[in-house]
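S.K.: A single structure is presented below for examination.
No value in this document is a laboratory result; all are computed from the given coordinates. Note that the structure is predicted; figures quoted are calculated from it, not measured. Note: ideal-geometry Cβ built from the backbone for every residue, glycine included; neighbour counts use all protein chains shown.
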Amino acid sequence: MLYILHEVDQLWVPVHKDWRLNERHYGSLQGQDKDDVSRRFGHEQVHLWRRGFSDPPPPLPGSDPRHPRFDTRYRHLDVSDFTGSESLQRTMERAVEFWRERALPDMVEGRRLIIAAHLNTLRALIKHLEGISDSGIMNVEIPTGVPQIYEFNERLEMVDRYFLADPETFRTLVDARAAKAS
């Protein structure tokens with residue numbers, strides 16, 4: 001985010017970081033090659049873990065150094081907030097908490113926001129904002145690096161949403177993301 005603000009000479013714009021926008025934790029699959037994991041557990045199961053809503057991957061034991069409770073970024077939080085793995089559902093819970101506690105109050109004050117987050121955190125927030133079903137979220141593709149604009153009315157109801165990309169570029173990026181996700 002700071003790189004973008006620097007490039008557009010807008011470093012004065014406030015930036016607020018929040019752990020609730022971090023990528024979901026893939027548990028014992030964290031850092032492993034997707035193809036290797038698919039051979040071990042099967043493509044369908046890995047697809048459910050990666051794209052589904054309520055199925056978390058196998059958790060890390062609490063003693064594993066990769067467990068989020070050992071990550072210094074979370075040292076100020078209660079360890080009980082962290083499991084050894086997250087489903088998209090759990091990721092959505094924390095992203096929506098951020099939305100309600102941080103984003104909505106800023107919007108009430110008339111501020112415009114840019115929310116920069118990891119892919120699954122954005123998928124979770126989009127699911128909430130757009131009312132996408134648990135099964136429908138499996139098919140939501142978000143192209144990397146293409147801003148998605150949400151417009152709200154004075155009652156903070158979404159009235160429009162669109163991507164900042166021409167249709168051909170957008171389709172190419174979505175297709176590339178879908179190929180990578182499968």
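S.K.: Pick out which of 65, 167, 14 has the largest mean-square fluctuation in a Gaussian network model of the chain, springs linking Cα atoms closer than 10 Å.
M.R.: Result: 14 has the largest fluctuation of those listed.
S.K.: Throw me the Rg/Rh for the chain, computed over C-alpha atoms with Kirkwood Rh, two decimals.
M.R.: Taking Rh as the inverse mean 1/r over Cα pairs, Rg/Rh reads 0.97.
S.K.: In the Gaussian network model of the chain, springs joining C-alpha atoms below 10 Å, which of 34, 127, 17 carries the largest mean-square fluctuation?
M.R.: So, out of 34, 127, 17, the one fluctuating most is 17.
S.K.: Lysines near residue 17 by alpha-carbon distance under 18 Å, same-chain residues fewer than 8 away left out - which ones?
M.R.: In chain and number order, there are no partners.
S.K.: Sticking with this structure for a sec: Please compute the contact order of the chain in relative form: average sequence separation of alpha-carbon pairs under 8 Å and at least six residues apart, divided by the residue count, as a percent.
M.R.: 21 percent
S.K.: I'd like the Karplus ³J(HN,Hα) series for region 9-18: coefficients 6.51, -1.76, 1.60, θ = phi - 60°, whole numbers in Hz, and an x wherever there's a Gly or Pro.
M.R.: 3J(HN,Hα) across region 9-18, in whole Hz: 6, 10, 5, 6, 5, x, 10, 10, 9, 8.
S.K.: Under 10 Å, Cα contacts only: if you run a Gaussian network model on the chain, which one of 164, 125, 21 comes out with the highest mean-square fluctuation?
M.R.: For the chain, modelled as a Gaussian network with Cα springs under 10 Å, the answer is 164.
S.K.: Could you tell me how far the Cα centroid of region 20-53 sits from the Cα centroid of region 151-172, in Å?
M.R.: Measuring centre to centre over Cα atoms gives 29 Å.
S.K.: If you don't mind, another one. How large is the helix-only mean residue ellipticity at 222 nm for the chain, computed as the sum of -39500 (n - 2.57) over DSSP H runs with n ≥ 4, divided by its residue count, in deg cm²/dmol to the nearest 500? Write down the numbers at each step before the final one.
M.R.: On the way: 7 runs with 66 residues, N = 182.
Value at 222 nm, helices only, nearest 500: -10500 deg cm²/dmol.
S.K.: What does the extension gain come out to for residue 41 and residue 106, with contour length at 0.36 nm per residue minus their alpha carbon separation?
M.R.: Gain on extension, residue 41 to residue 106, equals 19.0 nm.
S.K.: Between the DSSP loop rule and a limit of at most 10 other Cβ atoms within 10 Å, which GluC sites (Glu not before Pro) in region 74-115 are left?
M.R.: Those that pass, being in a loop and sparsely packed, are 109.
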